[in-house]
1. Under unit Cβ charges (Lys, Arg +1; Asp, Glu -1), what dipole magnitude, rounded to 20 debye, does the chain have relative to its Cα centre?
2. When the Cα centres of the range 157-224 and the range 27-43 are compared, how far apart do they sit, in Å?
3. Which residues does a label at D13 reach in the range 155-190, if reach means a backbone N under 13 Å from a point 7 Å past the Cα toward the Cβ?
4. Between D211 and D229, what length comes free when the chain is fully extended (0.36 nm per residue of separation minus the Cα-Cα distance, one decimal in nm)?
5. Under a Cβ-only charge scheme (Lys and Arg +1, Asp and Glu -1), can you give me the dipole magnitude of the range 1-138 about the Cα centre, in debye to the nearest 20?
6. Sorted by mean Cβ packing within 10 Å, highest first, what order do the peptides 209-215, 157-163 take?
7. Order the peptides 226-233, 74-81 from the highest to the lowest mean number of other Cβ atoms within 10 Å of their residues.
8. If the viscosity is 1.306 mPa s and the temperature 10 °C, what Stokes-Einstein diffusion coefficient in µm²/s follows for the chain when Rh is the Kirkwood radius over Cα pairs?
Amino acid sequence: MTSSQLWTRETADRYDAEEAESGMGSAAVLGPTVDFLAELAGEGRALEFAIGTGRVGVPLRERGVPVAGIELSEHMAAVLRRKAAEETLPVTLGDMATTVVPGEFTLVYLVYNTITNLLTQDEQVECFRNAARHLGPGGRFVIELGVPPLRFLPPGQVAVPFDVSERHLGFDTFDLVGQILVSNHFTRDPGDGSYRRDNSRHRYAWPAELDLMARIAGLELERRVADWDGSPFTADSAKHISVWRKPA
């Protein structure tokens, strides 16, 4: 197994509710995401790495794109299975860097910063190689990933807040030598006012580093935009959607 954190039953059971509260499960977010991916998939099949509870995979399947998934956590996959049967959306348990599923795909995609769950550069390179392994000639690999917010770090500071609200405090801390980010969450219980603390480790990577990983895997950068709506990627963009193509 790779270094990815294995999500628990408790985390899986509350995942969809928290994503709905954050807006990530809304039509405003999912609509452009599914439009973008469906256009790239065309008449072919799509494979989602780390498909989770099916936040993106299920609506993409409902759009008419045949979707398969790879998921490390059996608990996350069990939540997805409540939404779609195995014959409708098959899921293979395993890690996204080494697990191979049958068939050829026109699209492999990895959303919501999930490549950073692989905590070494070698594993992230293997993830690109695994994507290329599943793609047919001319197929695309898509990643959604935040741009590391290191410019917000003045000398001596190692933390950057990303959400400060009544229900939630979120901040990232950085190991600048190891290229490791720890995402910290304090979530308030609306009932008794207590706080639940969660954190997760990630290896952040720059767009240029991902392009080199893609080149190692035999893929070529085709497009990079700032969001699923196709807005231009600039120096001020907080994240990017990158598309690499396997030569025909």
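Values quoted throughout were computed directly from the atomic coordinates according to the rules given, and no laboratory measurement underlies them. Keep in mind that this is a model prediction, so the values were computed, not measured. Reconstructed Cβ throughout: ideal geometry from the backbone, glycine too, with neighbour counts over all protein chains shown.
1. In total the dipole reaches around 320 debye.
2. Here the two parts' Cα centres lie 24 Å apart.
3. Zone members listed by number: none at all.
4. 4.3 nm
5. The calculated dipole for the range 1-138 is roughly 180 debye.
6. Ranked by mean Cβ neighbours within 10 Å, highest first: 209-215, 157-163.
7. 74-81, 226-233
8. The Stokes-Einstein estimate is 85 µm²/s.
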